[in-house]
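The values are calculated or read from the model by the stated rules, or taken from the named source; none is laboratory data. Predicted model, so just to flag it, every value in this text is computed and none were measured. Cβ placement follows ideal geometry from the backbone for every residue including glycine, while neighbour counts extend to all protein chains displayed.
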Amino acid sequence: MEEKPSKVSLKPSDRHGSDKESKESLYSDIRDLWTTATLSQSELNTPLSDVCGNFDAEGRSISHTRGWYGQGRRSLDEGDKASRKLRRSSSMEINEGKEDTASEIKAEKSSSTSSLDIAKHIPHRAYWAEQQNRLPLPLMELMENEALEVLTEALWSYRLGIGRDHLLTQELQQYIEGLKKRRSKKLYLIEKDTLGSGRPEPAQCHDRSPNPSLTPSE
Amino acid sequence: MRLKEGSFLWYLYLDKTYCLLSVRNVKALMEYFHLLDVHGKNTLNDVLFYHFLHHVTDLKKREINLVFDMLDWNAVGEIGFEQFYVLVCILLAHQNHLEERFMYRHSRTVFGLLDLEGDQKISPENFEMYRFLFNIQKQELKDLFCDFDITGDRRLNYQEFKLYTIVRINKLQKRKEKTENAEREKKSLLIKKMSHQVHAS
């Protein structure tokens with residue numbers, strides 16, 4: 001028996017609270033957009049600069065687009081870097097075992113450029129709608145913060161379970177330290193860039209203070 | 001079972017027809033998984049898995065351990081990305097009240113997860129352990145085995161399970177149609193009333 005297409009109406013109170021009805025209608029719109037959008041792998045691997053006219057060839061954002069997010073200057077660049085990093089990591093996984101696939105994708109890319117132009121509007125709209133209303137930017141920062149919290153809690157379990165001197169415990173500890181260093185380096189570069197350009201710092205940078213729960217006690 | 005508001009998973013969503021993540025969401029999820037993959041084995045061990053689930057949901061320790069045992073279908077003590085993806089889809093389906101649709105669309109996968117012994121049948125005890133994942137009430141589970149155990153062996157084979165998912169989604173659609181019809185009738189009555197008032201004035 002085939003399922004009849006039907007609208008799944010989510011009650012706002014069931015999901016995120018009754019005061020978010022406007023967001024709920026956006027959620028359902030975005031889902032409809034994604035369902036109707038037909039994205040091929042080659043189109044997804046197309047750099048953002050080709051999809052959105054607000055980016056230059058290297059994927060650097062143009063200043064007026066930052067108004068899209070309304071939250072500091074990092075978000076768009078970080079979003080680009082995040083998406084490029086994601087593409088890189090996914091393409092690395094492809095290249096590991098299947099070198100032909102990369103050449104196939106390239107061939108597909110060139111042939112699908114014209115279809116991309118035609119189909120640009122639907123996935124383009126869905127993508128930017130999602131950017132604005134669903135996934136927070138910078139996404140990588142949210143993921144890293146959360147991963148850091150999870151791993152710090154896991155470190156305590158490792159220490160209790162297998163001891164401080166175990167190889168796995170030390171590996172986890174080093175990983176956490178590496179993650180923290182990367183994060184603080186990013187913050188430093190952003191602050192340096194912000195101060196250097198003379199633009200006001202984004203609110204989240206001011207609010208960031210070392211979370212005591214994330215600092216492993218020695 | 002609720003996802004923690006503001007967590008990374010909380011921002012993801014399933015396509016409501018196919019109950020799957022978009023490719024963009026999958027890419028982000030993959031990145032997240034690799035952040036948690038501390039030991040570089042493309043897997044999460046039980047400790048990492050526990051802390052992840054404990055952090056992003058309100059599940060208890062016993063439930064988290066059950067979920068781990070269910071997903072560790074190769075019994076290697078670790079969860080790979082494939083299993084992680086299935087888990088995230090189940091969590092999001094539950095969060096967004098898409099359990100019926102998810103079970104209907106992915107009945108084979110769900111059946112495979114609940115078939116803990118690997119004998120192509122689901123026992124009531126096993127289903128009882130995991131009904132919290134699919135928002136199935138106790139009485140509903142009893143009725144399920146009563147109504148759909150056609151072979152009478154007190155266990156569900158795949159055909160019986162699939163039939164259950166079809167009937168469940170059918171009931172859901174009928175309920176929704178009823179609600180929509182009721183709302184439409186209300187609106188039309190209201191419009192009629194208003195037009196009468198306008199004519200009267």
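Observations on the structure shown:
Conditions tested, residue by residue: (1) at pLDDT 90 or above; (2) surrounded by 15 or more Cβ atoms within 10 Å (Cβ to Cβ); (3) among the charged types (D, E, K, R).
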{"position": "A:P138", "(1), (2), (3)": "no, yes, no"}
{"position": "A:V150", "(1), (2), (3)": "yes, yes, no"}
{"position": "A:R159", "(1), (2), (3)": "yes, yes, yes"}
{"position": "A:L168", "(1), (2), (3)": "yes, yes, no"}
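- Qualifying residue in the range B:70-86 (condition: of a type in the set (G, A, S), at negative phi and over 16 Å from the mean Cα position of the chain (by Cα)): yes
- Test for B:E31: is it at pLDDT below 95 and in a helix (DSSP H, G or I): yes
- Residue in the range B:11-25 that is closer than 29 Å to A:L167 by Cβ and of a type in the set (S, T, Y) present: no
- Which numbered condition B:E82 fails, given (1) touching a residue at least 60 places away in the same chain (Cβ under 8 Å); (2) within 26 Å of A:E144 (Cα to Cα); (3) charged (D, E, K, R): (1)
- Here B:R62 meets each of (1) exposed (fewer than 15 other Cβ atoms within 10 Å of the Cβ); (2) touching an Asp or Glu at 6+ places or on another chain (Cβ under 6 Å) with one exception, condition (2).
- Residue within the range B:134-142 that is more than 14 Å from every other protein chain (Cβ to nearest Cβ), in contact with a strand residue (DSSP E or B) (Cβ under 7 Å, 6 or more places away or on another chain), assigned to a loop (DSSP other than H, G, I, E, B) and free of Cβ contacts under 8 Å to residues at least 40 places away in the same chain present: no
- Flag for B:L53 being over 13 Å from A:M143 (Cβ atoms), more than 9 Å from every other protein chain (Cβ to nearest Cβ) and in contact (Cβ under 8 Å) with a residue 60 or more places away in the chain: no
- Identity of the residue in the range B:40-63, touching a strand residue (DSSP E or B) at 6+ places or on another chain (Cβ under 8 Å) and of a type in the set (A, V, I, L, M), that ends up farthest from A:N145 (Cα to Cα): B:L44
- Screening the range B:84-113 for residues that are surrounded by fewer than 21 Cβ atoms within 10 Å (Cβ to Cβ) and assigned to a loop (DSSP other than H, G, I, E, B) and picking the one that is nearest to the other protein chains (Cβ to nearest Cβ) gives B:H97.
- Every residue from the range B:1-48 that is more than 7 Å from chain A (Cβ to nearest Cβ), in contact (Cβ under 8 Å) with a residue 40 or more places away in the chain and closer than 13 Å to B:G80 by Cα: B:L29, B:F33, B:L44
- Being within 20 Å of B:R101 (Cβ to Cβ) and either of a type in the set (D, E, K, R) or loosely packed, with under 11 Cβ neighbours inside 10 Å (or both) holds for only one residue in B:E185, B:E125, B:E140, and it is B:E140.
- Matching residues in the range B:143-166 - criterion: being hydroxyl-bearing (S, T, Y) and part of a helix (DSSP H, G or I): B:Y158, B:Y164, B:T165
- Looking across the range B:116-133, the residues that are in contact with a Leu (Cβ under 9 Å, 6 or more places away or on another chain) and assigned to a loop (DSSP other than H, G, I, E, B) come down to B:K121, B:S123.
- In the set B:Y158, B:Y130, B:Y164, only one residue is more than 19 Å from B:W73 (Cβ to Cβ), of a type in the set (S, T, Y), surrounded by 14 or more Cβ atoms within 10 Å (Cβ to Cβ) and modelled with pLDDT of 90 or more; that residue is B:Y164.
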